[in-house]
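Trainee: Below you will find the structure I want to go over with you.
The values are calculated or read from the model by the stated rules, or taken from the named source; none is laboratory data. As the structure is a prediction and not an experimental result, all values here were calculated from the model. Counting neighbours? That spans all protein chains shown, and the Cβs are built from the backbone with ideal geometry, glycine included. For the accessible areas, the whole protein counts, side chains as well, though only heavy atoms, and no ligand, DNA or RNA atoms are used. Shrake-Rupley method; radii C 1.70, N 1.55, O 1.52, S 1.80 Å.
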Amino acid sequence: MVTVGICEDESWFADDLKEKTEQYLKERGLAGLVHMFENGEELLRTAGELDIVLMDIRLPGRDGMRIVKSMRDLGSGSQVIFVTSYGEYVFQAFDMDAVHYILKPVDREKLYGALDKALKRVVHEQGRTLLAAKGDVTVRIRLREVVYGEVFGHQVLIHTITDTFSFAGTLDSLEEKADDRFFR
């Protein structure tokens, strides 16, 4: 199942993106869910659970660039496609590992191409990620970002270079998900 988040404050445009995204999933024969967010704070509460995010830049509250930075700081591996009217942020977007940067109005073929690219990244990373908790937010951690895991009390903690997350599982289940870079 592919999960896509659309963070867009203009409802008519968000509805258009949702329709095109759902049509994309249908045409590709993919099961998926599309979630809508009017601002970045709503998105941050679930960003770790999303495979792909279509992100506007000018939003109420924090702008899309700051929201994506917060997502990355939380360990989110969501594939981000910026969809905006402003071309001046393109280099900043790619510094945040964005998949694509699309200027409005959105052409169906450009959106489909960006979604194809994002989906390839998702498939490449699938099986190489862990779902873990940081406070009340669930995030997806790439295995390549994990430094080590440990049991503390009755909880498995995953340590990355920048943060520590709670893993909902046992050390045995963590070991099964890890690749040959890890040992117990």
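Trainee: For a quick check of your reading of the model, give me the residue pairs whose first member lies in the range 101-125 and is without any contact (Cβ under 8 Å) to a residue 40 or more places away in the chain, whose second is of a type in the set (F, W, Y), with beta-carbon atoms closer than 6 Å and at least 6 apart or on different chains.
Mentor: Y101/F82
Trainee: Among the residues that make up the range 27-41, is at least one of them open to solvent by 60 Å² or more (accessible area, probe 1.4 Å), among the acidic types (D, E) and closer than 17 Å to G113 by Cβ?
Mentor: For the range 27-41, residues open to solvent by 60 Å² or more (accessible area, probe 1.4 Å), among the acidic types (D, E) and closer than 17 Å to G113 by Cβ: present.
Trainee: S76 fails exactly one of the following numbered conditions: (1) open to solvent by 20 Å² or more (accessible area, probe 1.4 Å); (2) within 24 Å of R45 (Cβ to Cβ); (3) touching a residue at least 24 places away in the same chain (Cβ under 8 Å); (4) touching a Gly at 6+ places or on another chain (Cβ under 9 Å). What is the number of that condition?
Mentor: Just one mismatch for S76, condition (1).
Trainee: A further question on this structure: Hey, does the range 152-161 have a residue that's surrounded by fewer than 18 Cβ atoms within 10 Å (Cβ to Cβ), at pLDDT 80 or above, of a type in the set (V, I, T) and outside any helix (DSSP H, G or I)?
Mentor: Checked the range 152-161: at least one residue is surrounded by fewer than 18 Cβ atoms within 10 Å (Cβ to Cβ), at pLDDT 80 or above, of a type in the set (V, I, T) and outside any helix (DSSP H, G or I).
Trainee: Another one. Assess whether F13 counts as being buried (at least 16 other Cβ atoms within 10 Å of the Cβ), under 20 Å from L131 (Cβ atoms) and not small (G, A, S).
Mentor: no
Trainee: Still on this structure, please answer the following. What number of residues in the range 124-147 are modelled with pLDDT under 75 and either more than 22 Å from I161 (Cα to Cα) or open to solvent by 80 Å² or more (accessible area, probe 1.4 Å) (or both)?
Mentor: Within the range 124-147, residues that are modelled with pLDDT under 75 and either more than 22 Å from I161 (Cα to Cα) or open to solvent by 80 Å² or more (accessible area, probe 1.4 Å) (or both) number 4.
Trainee: Determine, yes or no, whether V53 is aliphatic (A, V, I, L, M), open to solvent by less than 20 Å² (accessible area, probe 1.4 Å) and out of contact with any Cys (no Cβ under 8 Å at 6 or more places or on another chain).
Mentor: Considered against the rule, which asks whether it is aliphatic (A, V, I, L, M), open to solvent by less than 20 Å² (accessible area, probe 1.4 Å) and out of contact with any Cys (no Cβ under 8 Å at 6 or more places or on another chain), V53 comes out as no.
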